[in-house]
Every structure is written in structure tokens, then in C-alpha cells.
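The values are calculated or read from the model by the stated rules, or taken from the named source; none is laboratory data. Treat the numbers as computed from the prediction; the structure is a model and nothing was measured. Cβ: placed from backbone, ideal geometry, glycine included. Neighbour counts: every protein chain shown. Heads up: the accessible areas ignore ligands, DNA and RNA and are worked out on the full protein's heavy atoms, side chains in. Shrake-Rupley method; radii C 1.70, N 1.55, O 1.52, S 1.80 Å.
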Amino acid sequence: LTFFVVFLSCLLVSKAEKIEVVVEGATSIAQTDEDFICVTLDWWPTNKCDYNQCPWGQAGLFNLNKILEKAVKAFNPLRIRVGGSLQDQVVYNVRNNIENCQPFQKQDKDFLFGFSIGCLDMKRWDELNEFFNQTRAKSEIEKTLWVGDWYSHNARDLMSYTISKGYKIDSYELGNELCGSGVSAKIEAKQYAKDMATLKNLVKEMYPNPKTQPKVLGPGGFYDKKWFDTFLDASGHDVIDGVTHHIYNLGPGNNPDVVHRVQDPFFLTQIAQTFKDVSNAIDKFAPWSGAWVSESGGAYNSGGQLVSYTFAFGFWYLDQLGMTSIYNHKVYCRQALTGGNYALLNTTTFIPNPDYYGALLWHKVMGSKVLSVTHKGSPYLRVYSHCAKKEPGISFVFINLSKNTSFEIDLFHDLNLNGGSPSFEFKRHKEPEEYHLTPKDGNILSKLSDSLEIPELKPKLVDGLKPISIAAHSIAFVTIRDFNAPACS
């Protein structure tokens, strides 16, 4: 009797809701880079600890080994940002003139984040670039920055060495979280603009061929309207190629509300204003550049305990990818590839966490052109649509934040450029290609099986005459090959 009552209750609370999703396929509303997905690698040593835990292990750049090679190769290619909070106190031992060149050491509170200056030896730089080359990763390097005029000599040495070795660099980013009120340090906006111009001139000098010249990015910190407007206005024409900002909108990693916030559509939507403001500032002051999220781990101080490495975090992560795409962001860098609780790969074993596969599927099926997609149903259904990657058609990401409600989706195509209602229901003839991500045993705080192998991701072909079915607490990638959107032609 007990088991019957429990089972009956589950049936009563589980329900399906029909929703009409409208796609405006005539024009795109934004565009990302083809390599929109980006991950970070950080400097943090093993004794980086928060909330009575030390979740970085051997994942810092001074300790990182090559066991994660398969996970990076699967993206072919993957953009990687090299840097982090300790970046502003890294020196590069290019000329072998730094005695006792050592990684970061734990110090008292008088030092930035409680760690000493760290020294990167060129042998380690060689090892990292060997890894990048073997995995076809794109590297983005941050440069040391302190108060006053930027001292660029050490950066010049590193660039010169990097060029002499034939290492390919996608972009250089100046400083880390020094804008606005800063995190542990800050720089005035006009001074930062002056330093960015110095970096741009240095890159042009060291890489004279415009076709192979790395991009220049900044300021790499949290958005502050007054500071960003002043910075962009003072930077000058064509100095900045990418305007980078950071997002940690879920609060500290020990916040017990993290698991609830990643399922709350009203909370998730609050950050949209920041993405829109950054995009608007670029349109006004630096239209030749583009917006990048160069670091985002959701919850700061190494991520949410018991949440960031589970299925549940995909609700926040994939929603962020969709939202930033709408607001014309070109690149989104997840903190971190490995290290901390928010890692895409387990910090100790390098086995993929659930969000690794969300990132890989986005990279696989979502093209760069962003389409407008709307519905008037439950706010717990989040929907994003892009032109399909490489082949004809359009792709969707459906995120079902609801624990109790599944959704049956009917697609409508709106080709009316003048507003109004003449959209028509889309009848599929080809079989849609679907990938459905669901939590193990229905537990959204579950992880994946203990396997280092990256399986070949093949879609399930389904009946095109039936609605698209999105289970409760699930995520689905769906590609419709015969959806003829003029914007995707």
C-alpha cells in the first residue's frame, strides 16, 4: 500500500504542458564566433582553499598534466583562456635572470589573495604549448598589470620567446579584474585605456602580419557602467578587439541557495541586463570590437559545493550560453576546464562532469547565427535557437527547469517582417536529430559514470510528425534539417 501511494503521487504531480514555440527565421538577431565555447585554465596551487575545502588539487597551470588531452581534442578546436586571479603577480623567466624561479607560495594577508609572486619558467611554458598544439587549442594569455603605467618589458620578452618557438596565440588579455572597484586591486579607466594602447602597439610590432596578429582583449573584470564607458571612450579606434567581462551571478560557493537559483527562471533572467548593457556600450563606443565573457564560473570562490559539478549546473550554464548569444557576445569562457568545484573535468581524475557534454554538444550543433525564438508558455521552459552548425537547418536548446512538468513543443515559423500574427505551424518531413540530457535516477545533483573515454555523440532520429517532447528537469539539443530559415541560407 505504501509503495502504491508513493507511485500514485508521482503520477499526479507529473504533467505535460503543450507549448507553441515561434521562430523568426527571416533574419538573425546576433552572431557569435564559430568557436563560441571557451574554457579557462587557472594558476591556483593545491593549497587554494575556500569554506574549509581545497578543491583545486593538481589542476593549476604549474601542476597540470596531459591526461585531459582527449577531452580537449573532442572539440577540435577549443579556445582556452590561460590566467586567473593570480595573473597580476606572474613574472616570466624568459632570460633566465630570475633567481629561484618558483610557483606561487602561500603567504600572509599582505600579499594579493594571500600568495606570493609566481614565476613561470619557459620550460613549463613549452610544456603548456605542446599540450595546446597537440589538442588544437587556441590560447589566450593575460599579461601582468600593476598600478601606474604598464611595465611591458616582461610581456615583450614572453611574446618574443613565444614567436621564436612558433607557438600560435589567439589573443592577449591585459590584467585580471582590475576594472571598476576591482577585486583585490583596481586601475583608473583612462590609465587602463592608455595601457591597452601600449599592448596594441606591442602586438602590432611583434606580429606585423595582420592575418596572424593576435587579438587584444580587456579589461577582464566585472561590468561597471561608468568605468566601462570611460575606458572604451578613451581607448581609441581599433585598439580593443574584444571587450571582456566576468560573471559570477550565483553568489559565493558556500551559498545554500545556489541549487535553487539555477532552477529559478526569474533569478536567471536578472543577469540579462548586464549582457545588454555591455553590448550597448560596445555599440556606442567600440563598434569594431565584440563582447566576450572571458571568465564565468557561476558561483565564486571555486564554485558551488555539491552543485557546480552536477547535472543541475547545466541549467545555469546552458542558459548563460543562450542568453549571451542573444546579446551578441562572441565568446563565452567557462571557469574552469579543470580545477575547483565548477570544473568541466573532475579535478583529480579528469573524468568529464555533466557540463562538459553540454559544452561539447553546443559546440557540435549550434551555429554562429542567432535566431529570435519566443513562446507564451511556462517561464520554466527556456528556449534558444541558432542556425545549425555547418549543415542546413536550425538547432535548438530546450532547458526544462521544472521538476514536475514536461513540455510538448509545436514549432511555428514567423516570416512576417512587419509584425502581426501570420506565422504558420512547421510540419517536419525529415527526422529531427535530438540529444536529451537527463539526470541519473532523476537526481539533478548526480554526476556521470567513472569513464575517461569520450563517447561518440550520435543524435537520436525521431518521428518528425510528433511534437518535440522535453522531460521534466532535462535539457535537449534538437536540430531540424528541413526548417528553411532565410537567415541561415
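In the set 129, 76, which member is in contact (Cβ under 8 Å) with a residue 24 or more places away in the chain and open to solvent by 80 Å² or more (accessible area, probe 1.4 Å)? Quick ask: steps written out before the conclusion?
Details: 129 fails: open to solvent by 80 Å² or more (accessible area, probe 1.4 Å).
Sole residue among the options that is in contact (Cβ under 8 Å) with a residue 24 or more places away in the chain and open to solvent by 80 Å² or more (accessible area, probe 1.4 Å): 76.
Across segment 74-114, what is the number of residues that are out of contact with any His (no Cβ under 6 Å at 6 or more places or on another chain) and assigned to a loop (DSSP other than H, G, I, E, B)?
Of all residues in segment 74-114, those out of contact with any His (no Cβ under 6 Å at 6 or more places or on another chain) come to 74, 76-114.
Imposing the further condition that a residue be assigned to a loop (DSSP other than H, G, I, E, B) reduces the set to 74, 76-77, 83-84, 94-105, 107-111.
The total comes to 22.
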Checklist line | Meets criteria (among the acidic types (Asp, Glu), touching a residue at least 60 places away in the same chain (Cβ under 8 Å) and more than 29 Å from residue 68 (Cα to Cα)) for residue 453 | finding: no
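Yes or no, residue by residue, for (1) within 27 Å of residue 334 (Cα to Cα); (2) surrounded by 13 or more Cβ atoms within 10 Å (Cβ to Cβ); (3) under 23 Å from the mean Cα position of the chain (by Cα):
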{"residue": "118", "(1), (2), (3)": "yes, yes, no"}
{"residue": "142", "(1), (2), (3)": "yes, yes, yes"}
{"residue": "162", "(1), (2), (3)": "yes, yes, no"}
{"residue": "172", "(1), (2), (3)": "yes, yes, yes"}
{"residue": "186", "(1), (2), (3)": "yes, yes, no"}
{"residue": "210", "(1), (2), (3)": "no, no, no"}
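Check 115, 111 and return the single one that is more than 19 Å from residue 41 (Cα to Cα) and either at pLDDT below 95 or in contact with an Asp or Glu (Cβ under 8 Å, 6 or more places away or on another chain) (or both).
Residue meeting the stated conditions: 111.
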Checklist line | Filtered residues of segment 369-392 (kept if open to solvent by less than 50 Å² (accessible area, probe 1.4 Å), polar (S, T, N, Q) and more than 15 Å from residue 488 (Cβ to Cβ)) | finding: 378
Note to self: Restricting to segment 144-160, and then to whatever is open to solvent by less than 30 Å² (accessible area, probe 1.4 Å) and closer than 18 Å to residue 214 by Cα, can you tell me which residue is nearest to the chain's Cα centre (by Cα)?
What the structure shows: 144
Notebook entry, point to check: Across segment 432-453, what is the number of residues that are assigned to a loop (DSSP other than H, G, I, E, B), out of contact with any Ser or Thr (no Cβ under 8 Å at 6 or more places or on another chain) and crowded, with 16+ Cβ neighbours inside 10 Å?
Noted result: 1
Check: Just wondering, is there one or more residues in segment 404-419 that are under 25 Å from residue 38 (Cβ atoms) and of a type in the set (A, V, I, L, M, F, W, C)?
Finding: no
Check: Within segment 454-489, how many residues turn out to be of a type outside the set (D, E, K, R), outside any loop (DSSP other than H, G, I, E, B) and within 30 Å of residue 404 (Cβ to Cβ)?
Finding: 11
Next item on the list: Answer yes or no: is there a residue in segment 354-363 that is open to solvent by less than 20 Å² (accessible area, probe 1.4 Å), assigned to a strand (DSSP E or B) and either among the hydroxyl-bearing types (Ser, Thr, Tyr) or in contact with a Leu (Cβ under 9 Å, 6 or more places away or on another chain) (or both).
Entry: no
Notebook entry, point to check: If you go through segment 220-241 one residue at a time, how many are over 16 Å from residue 280 (Cα atoms) and surrounded by 23 or more Cβ atoms within 10 Å (Cβ to Cβ)?
Noted result: 3
Note to self: I'd like the full set of residues that are without any contact (Cβ under 8 Å) to a residue 12 or more places away in the chain and either part of a helix (DSSP H, G or I) or not polar (S, T, N, Q) (or both), limited to segment 24-73.
What the structure shows: 49, 54
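Could you list, in sequence order, the residues of segment 283-316 that are in a helix (DSSP H, G or I) and open to solvent by less than 10 Å² (accessible area, probe 1.4 Å)?
Going through segment 283-316, the residues in a helix (DSSP H, G or I) turn out to be 283-285, 313-316.
Within segment 283-316, 313, 314, 315, 316 qualify.
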